[in-house]
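K.L.:
Before I ask anything, here is the structure I am working with.
The values are calculated or read from the model by the stated rules, or taken from the named source; none is laboratory data. Computed from a predicted structure; not experimentally measured. Glycine gets a Cβ as well: all are built from the backbone with ideal geometry, and neighbour counts include every protein chain shown. SASA here: full protein model, heavy atoms, side chains in, ligands and nucleic acids out. Shrake-Rupley method; radii C 1.70, N 1.55, O 1.52, S 1.80 Å.
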Amino acid sequence: MKGKKIMFVGDSLSMNQYESLLCMLHAAAPNSNITRLARPFPTVMFQDYGVSIMLFTSHYLVDIQQDKIGRRVLNLGSVSSGNLWKQMDVLIFNTWLWWYRKGPKQGWNYIRDGKIISKDMNRMTAFTKALRTWAKWVDSSVDTRKTSVFFQGVSPAHYNGAAWGRPGVRDCSNETKPIAGGLTQSVVPLALKVQQDIIGSIRKPVHFLNITAMSYMRKDGHPASHNGLGGMDCTHWCVAGVPDTWNHILSTILIHSGKRGKESKKLPRQTLAHK
């Protein structure tokens, strides 16, 4: 990866994986010369290797645009940041966490679907349309001979004890062991199925990091209230921890790709990580 630019694009779970990778690389090369930049987006450069690791925050991947009176409009058909993204050598995308948020945490005031602007719409429908827009952008704009594209599947949260046989439990605060038995079809997130279908339809090679099943088992892997914020967090992950495994999978694919060469690379569309 000498001289390469790696960018995570997504929400705070992308930040979770970004921080994990930085910690792993620093552990592997503790004496490397490092330069850090905060703007225009967080960037850490390992100068001895010419490798840059970047984080681009985009909760929805599609654009949020301001209208003439300052209202935020979520445009399901626009990906204007793509001109920057496609300059990278490795892109790891993620979106899902923010799609059902409402009230003060909602990132937009109106939603645009083609020529129609409305106050709201079915969120799964909106998510599906946005992901299709992103998929079309990959097919039309990304040169996958230069840029390796990854998409991180749904990262599960653990706020419902009924999912692991403890009805009435509402968070992960006292969990110290993984869930036995793993993810069953009855609790597979619909968003995961949407991601698999859309990414499977992309003509260009996109590696789907299906981290849902293995992460689902780790109800013990969240910071809970030990997060410095004073609230309960059963959504994000401790570092070192679960995101390190995501990065082991990512690095394995990158190493495999490098050995086989860009032109001859014939990797599977989906990288399944169930265990």
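K.L.:
Here is a list: Ile34, Ile69. Which entry is more than 30 Å from Arg112 (Cβ to Cβ) and not basic (Lys, Arg)?
P.N.:
Unique residue meeting the criteria: Ile34.
K.L.:
Which numbered condition in (1) assigned to a strand (DSSP E or B); (2) open to solvent by 60 Å² or more (accessible area, probe 1.4 Å); (3) more than 30 Å from Asp120 (Cβ to Cβ) is the only one that Ile6 fails?
P.N.:
For Ile6, the exception is condition (2).
K.L.:
From (1) more than 19 Å from the chain's Cα centre (by Cα); (2) assigned to a loop (DSSP other than H, G, I, E, B), pick out the condition that doesn't hold for Pro104.
P.N.:
Among (1) more than 19 Å from the chain's Cα centre (by Cα); (2) assigned to a loop (DSSP other than H, G, I, E, B), the lone unmet condition for Pro104 is (2).
So that you can scan it fast, the table gives a plain yes or no per residue for (1) over 16 Å from Leu13 (Cα atoms); (2) in a helix (DSSP H, G or I); (3) at pLDDT 95 or above:
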| residue | (1), (2), (3) |
| --- | --- |
| Ile199 | yes, yes, yes |
| Arg203 | yes, no, yes |
| His207 | yes, no, yes |
| Met214 | no, yes, no |
| His226 | yes, no, no |
| Thr235 | no, no, yes |
| His256 | yes, yes, no |
| Glu263 | yes, no, no |
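K.L.:
Additional query: Scan segment 7-19 and report the pairs whose first residue is more than 15 Å from Leu250 (Cα to Cα) and at pLDDT below 95 and whose second residue is in a strand (DSSP E or B) and open to solvent by less than 10 Å² (accessible area, probe 1.4 Å), with Cβ atoms within less than 9 Å and a gap of 6+ or a chain change.
P.N.:
Once the first residue is more than 15 Å from Leu250 (Cα to Cα) and at pLDDT below 95 and sits in segment 7-19, no partner that is in a strand (DSSP E or B) and open to solvent by less than 10 Å² (accessible area, probe 1.4 Å) comes close enough.
Yes or no, residue by residue, for (1) part of a loop (DSSP other than H, G, I, E, B); (2) within 29 Å of Ile253 (Cα to Cα); (3) in contact with a strand residue (DSSP E or B) (Cβ under 7 Å, 6 or more places away or on another chain); (4) of a type outside the set (Gly, Ala, Ser):
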{"site": "Ile64", "(1), (2), (3), (4)": "no, no, yes, yes"}
{"site": "Ser78", "(1), (2), (3), (4)": "yes, no, yes, no"}
{"site": "Leu84", "(1), (2), (3), (4)": "no, yes, no, yes"}
{"site": "Arg112", "(1), (2), (3), (4)": "no, no, yes, yes"}
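K.L.:
Does any residue of segment 141-158 turn out to be under 30 Å from Arg203 (Cα atoms), modelled with pLDDT of 95 or more, under 25 Å from the mean Cα position of the chain (by Cα) and in a helix (DSSP H, G or I)?
P.N.:
Yes, segment 141-158 has at least one match.
K.L.:
Moving to a separate point now. Got a number for residues in segment 195-216 being within 15 Å of the chain's Cα centre (by Cα) and open to solvent by 20 Å² or more (accessible area, probe 1.4 Å)?
P.N.:
The number of residues fulfilling the criteria is 1.
K.L.:
Could you please find all residues in segment 1-60 being among the β-branched types (Val, Ile, Thr) and under 23 Å from Gly258 (Cβ atoms)?
P.N.:
Ile6, Val9, Ile34, Thr43, Val44, Val51, Ile53
K.L.:
While we're on this one: Pairs please, first residue from segment 124-141 and without any contact (Cβ under 8 Å) to a residue 12 or more places away in the chain, second anywhere and buried (at least 18 other Cβ atoms within 10 Å of the Cβ), Cβ atoms under 9 Å, 6+ apart in sequence or on different chains.
P.N.:
Sorted first by the residue in segment 124-141, then by its partner, the pairs are Lys136/Val79; Lys136/Ile202.
Conditions tested, residue by residue: (1) within 28 Å of Pro243 (Cα to Cα); (2) open to solvent by 20 Å² or more (accessible area, probe 1.4 Å); (3) polar (S, T, N, Q).
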residue	(1), (2), (3)
Pro40	yes, yes, no
Asp48	yes, yes, no
Ile53	yes, no, no
Lys68	no, yes, no
Arg71	no, yes, no
Trp85	yes, no, no
Phe93	yes, no, no
Trp108	no, no, no
Lys129	yes, yes, no
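K.L.:
For residues that are charged (D, E, K, R) and open to solvent by 30 Å² or more (accessible area, probe 1.4 Å), tally how many sit in segment 217-243. Give the steps one after another, and end with the answer.
P.N.:
Step one: of segment 217-243, the residues charged (D, E, K, R) are 218-220, 233.
Adding the requirement that they be open to solvent by 30 Å² or more (accessible area, probe 1.4 Å) leaves 218, 220.
Residues in segment 217-243 being charged (D, E, K, R) and open to solvent by 30 Å² or more (accessible area, probe 1.4 Å): 2 in total.
K.L.:
Next question. Give just the number: which of (1) among the polar types (S, T, N, Q); (2) surrounded by 14 or more Cβ atoms within 10 Å (Cβ to Cβ); (3) over 30 Å from His222 (Cβ atoms) does Ser140 not satisfy?
P.N.:
(2)
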